[in-house]
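Below is one structure, written out as structure tokens, with a few remarks after it.
All of the numbers you see were taken from the coordinates with simple rules; none came from a lab. Worth saying up front: this structure is predicted, and the values here are computed from it rather than measured. Backbone-built Cβ (ideal geometry, glycine too); neighbour counts: all protein chains shown.
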Amino acid sequence: MSTVTIPGLSPDQVQAYHDDGFVVIADIFTAAEVEELRAAEGSPAIQQKLEADGIKTKTVHLLELTTRHPAFHRLARDPRIVACITPLLGADIQLQHSKLATKSVTKGTGEFGWHQDIMFYPHTNTSLLSVFVYLDDATPENGCMSMLKGSHKLGPLNHLDENGKFDGVCRATHLWRDQPDQVVAITPKAGSISIHHCLTLHGSPANVSGRPRRGVVFSYRADDAQQLGDTIFQDTGLVVAGRRRGLTRCEPGTWILPRRGGHNYGSAHHQVGPWAQAENEKNNL
Ligand SMILES: O=C(O)CCC(=O)C(=O)O
């Protein structure tokens, strides 16, 4: 990346994040930088992996992106992103996960149901957020995200199907259906970022534009947020600002660890060793 100025967030943007649960910061990256990131997205390292995983024509949420191309590793640590999230998370920040968020050219694919991110990866507190880096202009036609204003103040909502299994989709449908005036389509230009709180309800429709919608998501957490459930990825815990302090901060509340089928709670909980877990599973526990 070229020499950069590091403006961070204005007080109004910090306030907007706290009031609405999301904020858009326009034109963080130059056109040349966007081109560099598009080239990384189109590189063999990424495209061959998409091909191998058979996800090229679907909603492409290719995880562990920072490990797959140095441009994305640099981006996760970019001082302009770090300057924007420091006022929201504090000085000590880690990556929780990274992913490509490209919707393919296949018309009508790429819908992503309404959800709260933290339900995928419960932590001891809610000092987590996601940064979406836009590599194309986001529009309703190409499947931009919509967010429900203020929903981060509602606390964790039900994401379980009728069998009690986590499937990543919020069941409180009335929340966005009954108050359409509170639903905001997030439509930044390429080179911009949006930031949303881990409890902000959001989703995105299919891409019907016939063009790819390219983007990158980084989910970050405060150093004192310890993960309770689901997956520890290759790049989970990557320190992007400050340092690890070994502190845990707990917010009151009860979290449902996301079971995604069978008895798999992911690798994060560390409550049970692998052998004991296998034994428990034999006994359906
Ligand atoms: O790719 C999208 O449009 C949705 C991404 C999203 O909702 C997420 O990463 O939590």
Identify, among 22, 62, 82, the residue whose Cα sits farthest towards the positive end of the charge dipole of the chain, taking +1 on the Cβ of Lys and Arg and -1 on the Cβ of Asp and Glu, with the dipole about the Cα centre. 62
Toy charge model, Lys and Arg Cβ at +1, Asp and Glu Cβ at -1: the chain dipole around Cα centroid in debye, rounded to 20, equals 360
If one computes the Cα centroid of region 110-138 and of region 19-80, what distance in Å separates the two points? 15
By how many nm would the segment from residue 257 to residue 234 lengthen if fully extended, with 0.36 nm per residue of separation less the alpha-carbon distance? 6.3 nm
Which order do the peptides 65-71, 241-247, 12-18 come out in when sorted by mean C-beta neighbours inside 10 angstrom, highest first? 65-71, 12-18, 241-247
Nearest 10 degrees, 0 to 90: helix 11-20 Cα axis against the chain principal axis: 40
Taking Cα pairs closer than 8 Å and at least 6 residues apart, the relative contact order of region 11-282 in percent is 30
Note on the chain: alpha-carbon gyration tensor, axes a ≥ b ≥ c; rule is a/c under 1.5 for rounded, else prolate if a/b larger than b/c, else oblate; result rounded
How high is the FRET efficiency between residue 14 and residue 107 when r is their beta carbon distance and R₀ equals 41 Å, given to the nearest 0.05? 0.60
Filtered hits (aspartates and glutamates, Cα-Cα < 19 Å from residue 149, offset >= 8 within chain) -> 12, 19, 20, 117, 178, 181
Cα gyration tensor, region 86-203 - rounded (a/c under 1.5), prolate or oblate: rounded
At a Förster distance of 25 Å, what's the computed FRET efficiency of residue 185 paired with residue 247, Cβ-Cβ distance as r, to 0.05? 0.05
Full-extension gain between residue 30 and residue 278, please, as 0.36 nm times their residue separation minus the C-alpha to C-alpha distance. 84.2 nm
Subtracting the Cα-Cα distance from 0.36 nm times the residue separation, let me have the gained length for residue 162 to residue 39 in nm, one decimal. 40.0 nm
